[in-house]
Amino acid sequence: AQSVTQLDSQVPVFEEAPVELRCNYSSSVSVYLFWYVQYPNQGLQLLLKYLSGSTLVKGINGFEAEFNKSQTSFHLRKPSVHISDTAEYFCAVSDQWTGNQFYFGTGTSLTVIP
Amino acid sequence: EAGVTQFPSHSVIEKGQTVTLRCDPISGHDNLYWYRRVMGKEIKFLLHFVKESKQDESGMPNNRFLAERTGGTYSTLKVQPAELEDSGVYFCASSPHRDTQYFGPGTRLTVL
């Protein structure tokens with residue numbers, strides 16, 4: 001089974017500053033990787049995904065993530081955050097071959113400070 | 001296209017009572033998943049349906065939880081009898097293929 005680590009439970013950042021939310025996973029088998037965002041009082045929204053191809057993936061709202069197989073990481077970045085990016089962010093991994101359950105990290109709460 | 005819907009959005013019950021959560025997947029999605037997040041912890045897999053069949057129920061915590069998917073459309077998750085540790089947010093997701101999953105807004109269950 002996979003395990004997913006989001007080392008930072010809370011990340012405060014000033015508006016217009018860059019941010020990186022870290023995600024590491026345990027297994028070296030072929031995986032699919034996802035970032036989801038949960039805005040206050042809403043459900044999980046897909047931010048971006050890596051299935052295959054280019055290791056740099058671009059998502060909605062100016063976010064991007066880079067798949068690093070050797071370091072088993074999939075860190076999420078944004079060069080300039082906005083107040084509306086305040087939310088909880090979840091990294092998820094699934095096994096490419098069985099593709100059933102997703103394994104989630106514990107989430108990172110991003111707070112953008114005006 | 002309508003997204004995944006879940007009902008109710010919130011449920012508060014007493015220990016020992018029964019609660020039934022409902023999920024309506026995106027139309028045409030054969031794969032339906034249930035997950036649960038206990039406060040402060042990671043979102044954990046409960047089970048996976050392909051159409052009306054249970055493909056994987058390895059995450060179901062115990063036999064107080066019963067999931068069904070009638071006719072391969074909507075799904076219900078019944079907890080009977082509910083215990084305090086069942087409190088959390090229950091998410092449903094659906095997928096047309098075994099890669100991307102689309103999540104509903106969740107049902108927040110509080111057992112007193």
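Candidates are the residues of segment A:21-37 that are touching a strand residue (DSSP E or B) at 6+ places or on another chain (Cβ under 8 Å) and among the hydroxyl-bearing types (Ser, Thr, Tyr); the one that is modelled with the highest pLDDT is A:36. Taking segment B:86-104 as the range and being among the charged types (D, E, K, R) and modelled with pLDDT under 95 as the test, the residues that pass are B:98, B:99. Applying the condition of being surrounded by fewer than 17 Cβ atoms within 10 Å (Cβ to Cβ) and more than 11 Å from chain A (Cβ to nearest Cβ) to segment B:81-112 and asking which residue is nearest to residue A:49 (Cα to Cα) yields B:96.
Scan segment A:85-112 for residues that are more than 14 Å from residue A:6 (Cβ to Cβ), surrounded by fewer than 19 Cβ atoms within 10 Å (Cβ to Cβ) and modelled with pLDDT of 95 or more and the total you get is 2. Criterion applied to A:16, A:20 was being part of a loop (DSSP other than H, G, I, E, B), of a type in the set (D, E, K, R) and within 14 Å of residue A:110 (Cα to Cα), and the one residue passing it is A:16.
For segment B:49-57, the criterion of being within 13 Å of chain A (Cβ to nearest Cβ) and either aliphatic (A, V, I, L, M) or buried (at least 21 other Cβ atoms within 10 Å of the Cβ) (or both) is met by at least one residue. For the condition without any contact (Cβ under 8 Å) to a residue 24 or more places away in the chain, aliphatic (A, V, I, L, M) and assigned to a strand (DSSP E or B), residue A:46 qualifies.
Scanning segment A:63-114 for residues that are more than 22 Å from residue A:30 (Cβ to Cβ) and either more than 14 Å from chain B (Cβ to nearest Cβ) or assigned to a strand (DSSP E or B) (or both) yields a count of 21. Screening segment B:1-92 for strands (runs of 3 or more DSSP E) wholly inside it with 2 or more residues that are without any contact (Cβ under 8 Å) to a residue 24 or more places away in the chain and of a type in the set (A, V, I, L, M, F, W, C) returns the ranges B:43-50, B:65-68.
Of the candidates A:18, A:40, A:79, the single residue that is farther than 21 Å from residue B:98 by Cα and at pLDDT below 95 is A:40.
Scanning segment B:6-16 finds no residues that are charged (D, E, K, R) and farther than 14 Å from residue B:87 by Cα.
If you go through segment A:23-43 one residue at a time, how many are aliphatic (A, V, I, L, M) and either in contact with a Gly (Cβ under 8 Å, 6 or more places away or on another chain) or in a loop (DSSP other than H, G, I, E, B) (or both)? Residues flagged as aliphatic (A, V, I, L, M) and either in contact with a Gly (Cβ under 8 Å, 6 or more places away or on another chain) or in a loop (DSSP other than H, G, I, E, B) (or both) within segment A:23-43 amount to 1.
The values are calculated or read from the model by the stated rules, or taken from the named source; none is laboratory data. For clarity, every value in this text was computed on a predicted model and none was experimentally measured. Don't worry about glycine lacking a Cβ; one is built from the backbone with ideal geometry, like all the others, and counts go over all protein chains shown.
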